[in-house]
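One structure below.
The values are calculated or read from the model by the stated rules, or taken from the named source; none is laboratory data. All values reported here derive from a predicted model rather than from experimental measurement. Cβ placement follows ideal geometry from the backbone for every residue including glycine, while neighbour counts extend to all protein chains displayed.
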Amino acid sequence: MAAAGGPARESLMRRWIRGLGLLYLCVRGPRLYRVYRQHRLGAPGRVRNEEETEQNVSWESFYQPRALEKHTDSVLAWVSVLWTISYYSSPIAVFYMYRKGYLNVSRLVPLGQYGMTLLFLLAGVACLRGLGRWGNPQYIQFISLLERTKFENTPENKKKLSGYNFDFRSWPVDFRWDETGSKDRQALGPFNGVPLLKPDPRTRGATDSLLQRIQKLPCQITSYVVAHSFGRRMLYPGSVYLLQKALMPMLLQGQARLVEEYNGKRAKLLACDGNEIDTIFVDRRGTGEPNGMKLVICCEGNAGFYEVGCVSTPLEAGYSVLGWNHPGFAGSTGIPFPQNEANAMDAVVQYAIYRLGFQLQDIIVYAWSIGGFTATWATMSYPDVSALVLDASFDDLAPLALKVMPESWRGLVTRTVKKYLNLNNAEQLCRYQGPVLLIRRTKDEIITTTNPDDVSSNRGNDLLMALLQHRYPKVMSEEGRMAVRRWLAASTPEQEAAVLSQYGVEEDWCLSVLQSYQSEHSEEFPWTVGEDMSAEDRRQLALYLAQKHLENFEATHCTPLPPSAFHTPWRI
């Protein structure tokens, strides 16, 4: 009897220990949002028609938590929101408490005791949530797979794990920035970043003395505080936790659409600064789509996410698409400062080349609004990229920042932007030699410096002028610049046509001039074409080049770009 009972007791003990281990994993495990359908109809990337959708009811499925998990999760979510609000309002609260005389030991000790009690209560709520998950077979299956994948990161386990949508912080890393084995990249170190354009160094005589540096120190401290507090949050509102919390249902729905409908593959990339970048890839190669062999890397706006952003435009146009979220947006970690943005973009491009198997000549970089910074950085750093498309983008951040801030802050704003938030799109764009298409919104209310109806104040105009003056300096003489500015001030197609007609632009002649120059000279910009032309010919050629590099879209800043308006840029 004793001998027979020994193995039974051992088996019972093992099950009990295994159960406690699962309970611990459930307590500390990530939140599970959705369980995707394992069965998908048709070829990957093919959109279902209505008949197929009706035949497959509940093709999208949210995770259904049990009552205990649901209620405790709500409590913890509300505490998280309240904590965030308290964090942002803490300076005002501290100032109020100081004025009222509450910042003394007799007042703070009870407050600390209340805080400790609250922490114990929250720990208890977290344990109850884990207990609720422990009784849910769906969550047990998920957490067991996640734990197994951490130790055995095999393609089979990753494929199974991709059927779940959960807190992305627990997703295993799929690609590291230093996987390529490049010595130059590994020399960057874990806390440095990829190269950014820096202002020209000052001459020895122009450097500040010790006294001047001390005098400037208060201004420099103020600029740092402004940039790292409300400055970067105004510039990238999508990084604010409360906004992400409000958009969470929409983001989950958009992500489900990309995974279920387009067979999108989510991946986590590790950038050289340690930030984890959330990406989605839709592969159209081998699906019969004419544009499927081209990859479009999408760079979102300052409140855009790949789940609901500009990814849909090239996706519906039939391209393979790689979307990613800024540092600090949704599943990506970090803070969206320019250096972190460039580090993230570098990891994305490396992932596209070395893991997804695309050549640079098959990659198009597409950006909307503030995404123009990372897009122009990528084309500057990877000059063999096939093409660049910038939608509703601008040349430099400083004029737009000055527009929304008080005039008395001009010096502080300019200094802060140039030092910490320098989005120098035009400067980076001029380092790229490939085809460029600029899309200007004729009713843009964001990147105009006067009013949305005044297209002449759209900063996309300045981006075009900087590009043309760099590439064709002889053509863009004073008369060429004046003609292009007049064309840019036209707000309707009829007005544009009238300007072109007035200057007698002959497209066949302009194209033949450019082709002749290209065949006789190096293709590298800047070109000297136009130096022996008359003023009239330079005006013609300047207007021809302007209309080939910029297209109008009659819409406001945030209107989605239709797939028909997305195409590869003009090539000579």
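Looking at (1) over 18 Å from residue 507 (Cβ atoms); (2) surrounded by 13 or more Cβ atoms within 10 Å (Cβ to Cβ), find the lone condition where residue 532 falls short.
Failing condition for residue 532: (2).
Checking the structure you have, find out if any residue of the range 222-244 is modelled with pLDDT under 85, loosely packed, with under 13 Cβ neighbours inside 10 Å and in the same structural domain as residue 322 (by TED's automatic domain parsing). Steps first, answer last, please.
So in the range 222-244, the residues modelled with pLDDT under 85 come out as none.
Within the range 222-244, none of the residues are modelled with pLDDT under 85, loosely packed, with under 13 Cβ neighbours inside 10 Å and in the same structural domain as residue 322 (by TED's automatic domain parsing).
Quick check on residue 554: is it acidic (Asp, Glu), surrounded by fewer than 16 Cβ atoms within 10 Å (Cβ to Cβ) and in contact with a strand residue (DSSP E or B) (Cβ under 9 Å, 6 or more places away or on another chain)? Write out each step before concluding.
Numbers: acidic (Asp, Glu): yes; surrounded by fewer than 16 Cβ atoms within 10 Å (Cβ to Cβ): yes; in contact with a strand residue (DSSP E or B) (Cβ under 9 Å, 6 or more places away or on another chain): yes.
Spelling it out, residue 554 is indeed acidic (Asp, Glu), surrounded by fewer than 16 Cβ atoms within 10 Å (Cβ to Cβ) and in contact with a strand residue (DSSP E or B) (Cβ under 9 Å, 6 or more places away or on another chain).
Which one is surrounded by the fewest Cβ atoms within 10 Å (Cβ to Cβ), of the residues in the range 266-286 that are under 20 Å from residue 36 (Cβ atoms) and touching an Asp or Glu at 6+ places or on another chain (Cβ under 7 Å)?
268
Exactly one condition in (1) more than 14 Å from residue 537 (Cβ to Cβ); (2) crowded, with 18+ Cβ neighbours inside 10 Å; (3) touching a Phe, Trp or Tyr at 6+ places or on another chain (Cβ under 9 Å) is not met by residue 518; state its number.
(2)
Just give me the residues in the range 68-115 being of a type outside the set (Ser, Thr, Tyr) and in contact with a Gly (Cβ under 9 Å, 6 or more places away or on another chain), in sequence order. Walk me through it before giving the result.
Filtering the range 68-115 down to residues of a type outside the set (Ser, Thr, Tyr) leaves 68-71, 73, 75-79, 81-83, 85, 91-95, 97, 99-101, 103-105, 107-113, 115.
Answer for the range 68-115, where residues must be of a type outside the set (Ser, Thr, Tyr) and in contact with a Gly (Cβ under 9 Å, 6 or more places away or on another chain): 68, 69, 70, 71, 73, 107.
When both residues are 6+ apart or on different chains and their Cβ atoms are under 7 Å apart, which pairs have a first residue that lies in the range 311-328 and is assigned by TED's automatic domain parsing to the domain that holds residue 240 and more than 16 Å from residue 370 (Cβ to Cβ), and a second that is at pLDDT 95 or above and among the hydroxyl-bearing types (Ser, Thr, Tyr)?
Close Cβ pairs satisfying both conditions: 314/366; 322/279.
Given (1) of a type outside the set (A, V, I, L, M); (2) touching a Leu at 6+ places or on another chain (Cβ under 7 Å); (3) free of Cβ contacts under 8 Å to residues at least 24 places away in the same chain, where does residue 503 come up short, assuming only one miss?
(3)
Looking at 474, 548, which is the one that is under 23 Å from residue 389 (Cα atoms), surrounded by 14 or more Cβ atoms within 10 Å (Cβ to Cβ), of a type outside the set (Ser, Thr, Tyr) and modelled with pLDDT of 95 or more?
Details: 474 fails: under 23 Å from residue 389 (Cα atoms).
Just one listed residue meets the conditions, 548.
Please find, within the range 520-539, the residue that is farthest from residue 442 (Cα to Cα) out of those that are touching a helix residue (DSSP H, G or I) at 6+ places or on another chain (Cβ under 6 Å) and part of a helix (DSSP H, G or I). Steps first, please.
From the range 520-539, those touching a helix residue (DSSP H, G or I) at 6+ places or on another chain (Cβ under 6 Å) are 525-526, 529-530, 535, 538-539; that's our starting set.
Add one more test, that the residue is part of a helix (DSSP H, G or I), and what stays is 535, 538-539.
Values: 535: 29, 538: 26, 539: 23 Å.
Looking at residues that are touching a helix residue (DSSP H, G or I) at 6+ places or on another chain (Cβ under 6 Å) and part of a helix (DSSP H, G or I), I get 535.
Are any of the residues in the range 538-546 of a type outside the set (A, V, I, L, M) and out of contact with any Asp or Glu (no Cβ under 7 Å at 6 or more places or on another chain)?
Going residue by residue through the range 538-546, those that are of a type outside the set (A, V, I, L, M) are 538-540, 544.
Filter once more, keeping what is out of contact with any Asp or Glu (no Cβ under 7 Å at 6 or more places or on another chain): none.
No, because not a single residue in the range 538-546 is of a type outside the set (A, V, I, L, M) and out of contact with any Asp or Glu (no Cβ under 7 Å at 6 or more places or on another chain).
Conditions tested, residue by residue: (1) over 29 Å from residue 555 (Cβ atoms); (2) out of contact with any Asp or Glu (no Cβ under 8 Å at 6 or more places or on another chain); (3) at pLDDT 95 or above.
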| position | (1), (2), (3) |
| --- | --- |
| 439 | no, no, yes |
| 453 | no, yes, no |
| 460 | no, no, yes |
| 470 | no, yes, yes |
| 484 | no, yes, yes |
| 491 | no, no, no |
| 522 | yes, yes, no |
| 532 | yes, yes, no |
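Working only within the range 516-540, note down all residues that are in contact (Cβ under 8 Å) with a residue 40 or more places away in the chain and closer than 15 Å to residue 471 by Cα.
518, 523, 524, 525, 526, 527, 528, 529, 530, 531, 538
Which residue is farthest from residue 419 (Cα to Cα), if the candidates are limited to the range 335-363 and must be part of a loop (DSSP other than H, G, I, E, B) and of a type in the set (A, V, I, L, M)?
Within the range 335-363, the subset part of a loop (DSSP other than H, G, I, E, B) is 335-337, 355-359.
Subset that is of a type in the set (A, V, I, L, M): 335, 356.
On the way: 335: 16, 356: 36 Å.
That would be 356.
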